[in-house]
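The values are calculated or read from the model by the stated rules, or taken from the named source; none is laboratory data. Note that the structure is predicted; figures quoted are calculated from it, not measured. Neighbour counts are summed over all protein chains in view; Cβ atoms, including those assigned to glycine, are modelled from backbone coordinates with ideal geometry. For accessibility, only protein heavy atoms count, side chains too; no ligands or nucleic acids. Shrake-Rupley method; radii C 1.70, N 1.55, O 1.52, S 1.80 Å.
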Amino acid sequence: MEKEKKISRTELIALIVSSCIGTGIFGITSDVSKAAAPGPALLAWLFVGLGILALVLCLNNLSQKRPDLEAGIFSYAGAGFGPLGEFISGWSYWLSAWLGNIAFATMLMSAIGTFIPFFAGGQNVPSILGAIIFCWLLTILVNNGVESASFINFIGTIFKIVPLILFVILMFIFFKGGMFTADFWGQVANNMSKGTVTGSIGEQIKGSLMTMIWVFIGVEGASVMAHRAKTRKEAEQASTIGFILLVLIYVLISILPYGTLTRAQLASAGQPALGYVLKSVVGAWGATIINLGLIVSTIISWLSWTMLPAETTMLAAEDKAMPKVWGKVNAKGAPTTSLYITAILQTIFLFSLLFTQEAYEFAYSLCTAAILFSYLLVGLYQMKFSAGRKEWGQFMIGLLAAAFQLACMFLAGWQEVLLVSISFIPGFIIYYQACHENKRPISLSEKLVMGIILLLSLVAILFIMTGVIKIS
């Protein structure tokens, strides 16, 4: 019976693809074209692809050589940097996960609003209440068994990629080489008046980074769920295959439209941008298909990201990096307490969308910035672990992964990184509770790290008050 409850390699691949392919892919055409012409966009994909590949290789290497670390991505941080390292990684990942769900909620209700005007815009009171209902229905589903939810996720993933495949086929059919190469490097001066950025290649690449990283969040899903896989080898294979599929899908969907519409037209597209592109190319039926695909895609991704944050806090609690209450499971093995705590926080935060002008962009930017902390600690531990074993090839892979995350923090998301630091004010209270519960004193080095992060949080609050950082 136990074997039947394990998640297969195919289901893990579906979990990765579903976790990553959510709302972001349906708007990526417009988001990328605002920041970059096709040439710089391709270079940005190469840069991001190498950085994410390094992360995947780190996760596979550590999963193979440290199978004793059940919590995967979080316990790597713990093994390398102690309980506080694991807490920072787990807290950041958990925060990223449910902030991503807020972005899903906004886009989902907006898409439903195209068919039911009652929900138009995605940020009115009916939309908020509808999103809360979705939140709790998915929570209850996962609470009835993570493995059964993963099977539903697998079936849903098949259905949601069909509109994306159709989009790629149509883009190939209507592709015009002359239009694609007309402004390949983004140096045409009149782009400035059409909602796009005209600057150096480096500036265009920089402007694309957060959007591209956002659509890769979830690629580590097989590592998080590795302890539920049939074998760790299958979890590693799922990570690699999932990554390859994602790169192929993202590059095709974001780059091919440059050959069907001008960059200015793509940048000014309404959301979901893929619907706008298809409507311009084949008519209204194209937009209808994309909106239907977006609704299915968002619900299934939301399901994945209901599983992952709860799994995060449960594993951290098992490693004593969080209070025991976060790790309690029900008779079906689902982390009930963690699921409900997360759902309650999402419910509260959803009401804040009534007062935010750009809820989707704000939520996904914070989501992306938060997870950079978790990814950074994986790269750093790979370096530490490999240096100890004198495996210098693996050390260089870890160095590449860590350097990539730091580059993204400083180049593209420093404001969001500062905002994420504010979340550690209540976070460190929870960490103190875990230390007290397990009779473990907080070391001097831990106090120093906590002090630095809290200082950054005070800087962030000051920047918000003075208008340096805008959150609306």
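Numbers for the structure displayed
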read-out: Relative packing of peptides 179-185, 97-103 - highest average C-beta neighbours within 10 Å first; value: 97-103, 179-185
read-out: Over segment 24-139, relative contact order from alpha-carbon pairs under 8 Å, at least 6 apart, %; value: 10
read-out: Range of Cα positions in the chain per principal axis (Å), largest first; value: 65, 48, 43
read-out: Phi to ³J(HN,Hα) by Karplus 6.51 cos²θ - 1.76 cosθ + 1.60 over segment 275-287, Hz, x for Gly, Pro; value: x, 4, 4, 5, 4, 5, 8, 10, x, 4, 4, x, 5
read-out: Rounded, prolate or oblate (a/c below 1.5 giving rounded, otherwise prolate when a/b exceeds b/c) for segment 224-382 by Cα gyration tensor; value: prolate
read-out: Cross-link reach list, lysines versus Lys390, counting only Cα pairs under 21 Å and skipping chain neighbours closer than eight places; value: Lys65
read-out: Sequence-separation-based contact order of segment 9-413, relative, with Cα cut under 8 Å and 6+ spacing, percent; value: 36
read-out: Accessible surface, segment 9-413, averaged per residue in Å² (probe 1.4 Å); value: 35
read-out: Expected 222 nm ellipticity per residue - DSSP helices of 4 or more, -39500 (n - 2.57), all of the chain, to 500; value: -25000 deg cm²/dmol
read-out: DSSP loop GluC sites (Glu not before Pro) with at most 13 other Cβ within 10 Å: longest gap in the chain; value: 71-357
read-out: Sites Thr231 and Ile348, calculated FRET efficiency, Cβ-Cβ separation with R0 25 Å, nearest 0.05; value: 0.05
read-out: Sum of side-chain charges, Val32 neighbourhood, beta-carbon under 13 Å (Lys, Arg +1; Asp, Glu -1); value: +2
read-out: Nonlocal amide H pairs with Ile7, under 5 Å, H built at 1.01 Å; value: Ala229, Lys230
read-out: Residue-wise HN-Hα coupling along segment 111-118, computed from phi with Karplus coefficients 6.51, -1.76, 1.60 (Hz; x: Gly, Pro); value: 5, 4, x, 6, 9, 10, x, 3
read-out: Rounded percent of accessible protein surface that carbon and sulfur make up, the chain, 1.4 Å probe; value: 71
read-out: Sparse-neighbour loop sites [trypsin sites (Lys or Arg not before Pro); segment 305-355; at most 16 other C-beta within 10 Å; DSSP]; value: Lys328, Lys332
read-out: Scattering profile of segment 91-145 at q = 0.27, 0.30 Å⁻¹ [log10 I(q)/I(0), Debye over alpha-carbon scatterers]; value: -1.00, -1.08
read-out: Lysine pairs within segment 272-387, Cα separation less than 26 Å, 8 or more sequence positions apart or different chains; value: 4
read-out: Globularity ratio of segment 351-444, using Cα Rg and 2.2 N^0.38 Å; value: 1.40
read-out: Simple spin-label estimate for Ile442 and Leu129 in nanometres, 7 Å along Cα-Cβ; value: 4.3
